[in-house]
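What follows is a short report on a single structure.
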Amino acid sequence: MDRTDGIRDVVIIGSGPAGYTAALYTARAQLKPLLFGSSIFVGGSLTTTTEVENFPGFPTGVDGPDLMDNMRAQAERFGAEMIDDDIVEVDLTGDIKLLTDSAGTVHRAKTVVIATGSGYRKLGLPNEDELSGRGVSWCATCDGFFFRDRDIVVVGGGDTAMEEATFLTRFARSVTVVHRRSTLRASKAMQNRAFADDKISFAFDSEIAEIKSENGMLAGVVLRDTFTGKTRDLDATGLFIAIGHDPRTELFTGQVDLDDEGYITVESPSTRTNLPGVFAAGDVVDHTYRQAITAAGSGCQSALDAERYLAALS
Ligand code: FAD
């Protein structure tokens, strides 16, 4: 096992808007941050989408991967160092934090910013990823606007699914909520709002058996009855999957405090975790907002929190 020389002021794990913003701020504060940005998924969730229309500063929208390349370049301009590799093991409990990369090299740091994001749960159907941004979406706030006058399917039975369905009626011609069971998990208030909406109908005891495509775009779904196994076609040009998300926190389990759903808990409104010198930002702490701009905002906060922590050490 190799150990790098020297102890870094700041190591950041994650290359989404939260990580890159933390890198930009700590680099401009002369803290020479080192960022680990994953070996296979550099740039985070926005690299899986095309047009981003709601990140401020881009009046005509911006391509997701371009936005992330620009964030990275901006942080690098001020001296942030990026390594496209995964951190595979951590010991964050001591004053000096130990982070091991996939080659087995151990990096040492006084502060660590965790910005590992979270992943949307998928249906597990063959062409789901391929149609992401081509009719299939996991985020109504992000993509609802692209679905004006469309027939949309929302999958899920919890609060998020009801919220997405209700929100989408602003744009859609019709919204069909597909749920595997005969009753919803969502709160009574959310259910009542959805039931009262003329544009929303429900397909209970049903699951998506197949996603149909035509010319590389979503062209409908096949529903399967969960009792009889019978299938039927449902026309739709939008499919919103709202069956939950999983924060990427396995690496930190047993060290950093997590809530019941596996998200890192912080001393809100700061980004401080239960461990001194360890900060967390972006979707890995956020059940609620889950937007690029909120992730970038909390990445900035984590950098300022780390700066203050380091200043108090000296
Ligand atoms: P992420 O962007 O998820 O980045 C985390 C990064 O950390 C990933 O690259 C991951 O691989 C890396 N990582 C994880 N573990 C490790 C490790 N152990 N070592 C090294 N690296 C690690 N938001 C909007 O505001 N507008 C939109 O239009 C929009 N569209 C979206 C479209 C899609 C398809 C998706 C999936 C999301 C969209 N979002 C949008 C949401 C937005 O992308 C997220 O809210 C935002 O990217 C969260 O940023 P983050 O930095 O917290 O995490």
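The table for this structure:
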quantity: Rg over Rh [alpha-carbon atoms, Kirkwood Rh] for region 100-170; calculated: 1.18
quantity: Antiparallel content of DSSP bridges confined to region 1-112, in %, to 5; calculated: 50 percent
quantity: Across Lys97/Lys122; Lys188/Lys212; Lys122/Lys188, pairs whose alpha-carbon gap is larger than 29 Å; calculated: Lys97/Lys122; Lys188/Lys212
quantity: Relative contact order of region 173-275, pairs being alpha-carbon contacts under 8 Å that are 6 or more residues apart, as %; calculated: 16 percent
quantity: Helix-only [θ]222 nm of the chain, DSSP H runs n ≥ 4, -39500 (n - 2.57) each, per residue, nearest 500; calculated: -7000 deg cm²/dmol
quantity: Dimensionless Rg over Rh [region 197-305; C-alpha; Kirkwood]; calculated: 1.17
quantity: Solvent-accessible area, 1.4 Å probe, carbon plus sulfur percent, for region 92-195; calculated: 47 percent
quantity: Where no second cysteine Cβ lies under 4.7 Å, the cysteines concerned in the chain; calculated: Cys300
quantity: Simple spin-label estimate for Asp225 and Glu261 in nanometres, 7 Å along Cα-Cβ; calculated: 3.3 nm
quantity: Of Ala189, Cys142, Leu258, farthest towards positive along the dipole that unit charges on Lys, Arg, Asp, Glu beta carbons give the chain; calculated: Ala189
quantity: Semi-axis lengths, Å, the chain, gyration tensor of Cα atoms, sqrt of 5 times eigenvalues; calculated: 40, 20, 18
quantity: Gained length - Thr93 relative to Gln191, 0.36 nm times residue gap less alpha-carbon distance; calculated: 30.9 nm
quantity: Summed residue charge, Cβ within 12 Å of Gly117's Cβ, Lys/Arg positive, Asp/Glu negative; calculated: -1
quantity: Where the chain is the region considered: accessible area per residue in Å², 1.4 Å probe; calculated: 49 Å²
quantity: DSSP bridge pairs, the chain: antiparallel proportion in percent, nearest 5; calculated: 45 percent
quantity: Dimensionless Rg ratio for region 28-140, taking C-alpha atoms and the 2.2 N^0.38 Å reference; calculated: 1.28
quantity: For region 132-226, projected area of the alpha-carbon convex hull averaged over all directions, nm²; calculated: 5.7 nm²
quantity: Cα-Cα separations in region 251-304 greater than 18 Å, expressed as whole percent; calculated: 25 percent
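The values are calculated or read from the model by the stated rules, or taken from the named source; none is laboratory data. As the structure is a prediction and not an experimental result, all values here were calculated from the model. Reconstructed Cβ throughout: ideal geometry from the backbone, glycine too, with neighbour counts over all protein chains shown. Please note that ligands, DNA and RNA were not included when accessible areas were found on the heavy atoms of the full protein model with its side chains. Shrake-Rupley method; radii C 1.70, N 1.55, O 1.52, S 1.80 Å.
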